[in-house]
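Presented below is the structure to which this report refers.
The values are calculated or read from the model by the stated rules, or taken from the named source; none is laboratory data. Keep in mind that what you see is a predicted model, and the values were worked out from it rather than measured. Here the Cβ is made from the backbone with ideal geometry for all residues, glycine too, and neighbour counts use every protein chain on show. Ligands, DNA and RNA are excluded from the accessible area calculation, which covers all protein heavy atoms including side chains. Shrake-Rupley method; radii C 1.70, N 1.55, O 1.52, S 1.80 Å.
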Amino acid sequence: MSEQVHNRLAVVRAERKVSRQSLAEAVGAHYQTIGYIERGQYNPSLDLALKIAKFFGLPVEALFSLEPFRPLTYEVYGRKQP
């Protein structure tokens, strides 16, 4: 069994006002696949993860990680995690 891949896809997609359908069409995936990835029910292939990162103009590690992401409030405001 593969390790869970954590992601910030829903946050970035909402911030950029991109629908699941639009993203799916742009990267050649089904819109339900995007939802499964966002909910952590499906790990994207390397190819799909790279296409999604390219679509948003971000490095792949800004969207996907093997470790849980720190909450954005800590990243944005520089607060130390308790």
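Here are the numbers for this structure:
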item: Cross-chain or 6+ apart pairs with Cβ under 7 Å, segment 8-19 first and in contact (Cβ under 8 Å) with a residue 60 or more places away in the chain, then surrounded by 13 or more Cβ atoms within 10 Å (Cβ to Cβ) and not β-branched (Val, Ile, Thr); result: ARG8/LEU63; ARG8/PHE69
item: Selection within segment 36-55 - surrounded by 12 or more Cβ atoms within 10 Å (Cβ to Cβ) and among the acidic types (Asp, Glu); result: GLU38
item: Filter result (under 17 Å from VAL12 (Cβ atoms), in a loop (DSSP other than H, G, I, E, B) and at pLDDT below 95) within segment 43-82; result: PRO68, PHE69, ARG70, PRO71
item: Residue list for segment 15-28, filter: closer than 14 Å to LYS54 by Cβ and in contact with a helix residue (DSSP H, G or I) (Cβ under 6 Å, 6 or more places away or on another chain); result: LEU23, ALA26, VAL27
item: Within segment 1-35, considering residues that are part of a loop (DSSP other than H, G, I, E, B) and open to solvent by 80 Å² or more (accessible area, probe 1.4 Å), the one modelled with the lowest pLDDT; result: MET1
item: Close pairs from segment 25-37: first without any contact (Cβ under 8 Å) to a residue 40 or more places away in the chain and of a type in the set (Phe, Trp, Tyr), partner part of a helix (DSSP H, G or I) and open to solvent by less than 60 Å² (accessible area, probe 1.4 Å), Cβ under 9 Å, at least 6 apart; result: TYR31/SER22; TYR31/LEU23; TYR31/ALA24
